[in-house]
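Q: Below is one structure. I have some questions about it.
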Amino acid sequence: MQPPALSVLMSVYNGAAYLQQAVDSILAQTFTDFEFIIINDGSTDETAVLLSQFTDPRLRISHQENIGLTRSLNRGIALATGRYIARMDADDVAWPGRFAAQVAYLDAHPEVVLLGTAYRHVDTLRNRSIDVFPPTTNADIRRAMLMENPICHSSAMMRRAALTAVGGYNEAFYYVQDYELWSRLAASGQVANLAEVLQTRHHHPQNLSNNFKTELKRLALHLRASRAAMIRLGYPIYYQILLLNGCKLLAVRLYSAVRLYVATHIFPRQLSSPGGQD
């Protein structure tokens, strides 16, 4: 059999709450030449039961012990056969034309190794949503990469050859593994974002931790990835001052952690409980 043009890669851990709509959004894509690799990373909820109910022949489901998102994604990459690899999170929704638009762009731009999209950010904690339009050009994305992650992980599509050439995800990064990978891909070729909103990204209690040590570790890895991006992309040493910009993330994450802690421990209220990996 001819390998598909695209391998879609999802890792799920206790993601039963949103899994149905996430999988359905992939199976409903207007571009149909893909395989859909789903790694069940040791879920203890109804994830395995839900996955057993899907019958689409494009699905390739693998169950394993819990090893975390980064290692699971590398296992999925090893299984992929498509010339492109698209990421998808188990609590997000891909819009119907996403794959068609991304494949067409990558086919027309062989110099681009990584392609994201604009996306809709749905914040269930604050009951609001906003459309996010990250930078679109290679130069603008590379500059933004010194301070923040300019490509939404679950909207990303990559050339499999480029991804394997840079060694896949760095397993030393339990958090911000996508951000760290982007700078390595950007050093090997061009990167881009489509200006069209083609993905919905959910932000919910399971995206956060009320453990301050965890948030400090996340910040440390973010700053480490920022510094690596600066070096890999050839920016002058004085650009390290921009790394201080990453410290603003600490205030944002700690605020969210305190808010979540108060909501769940001091003034308990009903929260949705979709699972996920971060």
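Q: Put Thr55, Thr137 in order of accessible area, largest first, 1.4 Å probe: what do you get?
A: Thr55, Thr137
Q: Please identify the GluC sites (Glu not before Pro) of segment 23-94 that satisfy two criteria: DSSP loop assignment and at most 12 other Cβ atoms within 10 Å. Which are they?
A: Sites meeting the loop and neighbour criteria: Glu65.
Q: Go from 0 up to the bin containing the longest alpha carbon distance in segment 1-137, width 10 Å each, and give me the % of pairs per bin.
A: In whole percents, the pair-distance histogram is 11, 40, 36, 12, 0.
Q: Starting from the Cα of Val197, move 7 Å in the Cα-to-Cβ direction to define the label point; list residues of segment 151-173 whose amide nitrogen is under 18 Å from there.
A: Label zone hits: 151-156.
The values are calculated or read from the model by the stated rules, or taken from the named source; none is laboratory data. Worth saying up front: this structure is predicted, and the values here are computed from it rather than measured. Methodologically, a virtual Cβ is constructed for each residue, glycine included, from the backbone with ideal geometry; neighbour enumeration extends over all protein chains shown. Surface areas here come from the heavy atoms of the whole protein model, side chains and all, with no ligands, DNA or RNA. Shrake-Rupley method; radii C 1.70, N 1.55, O 1.52, S 1.80 Å.
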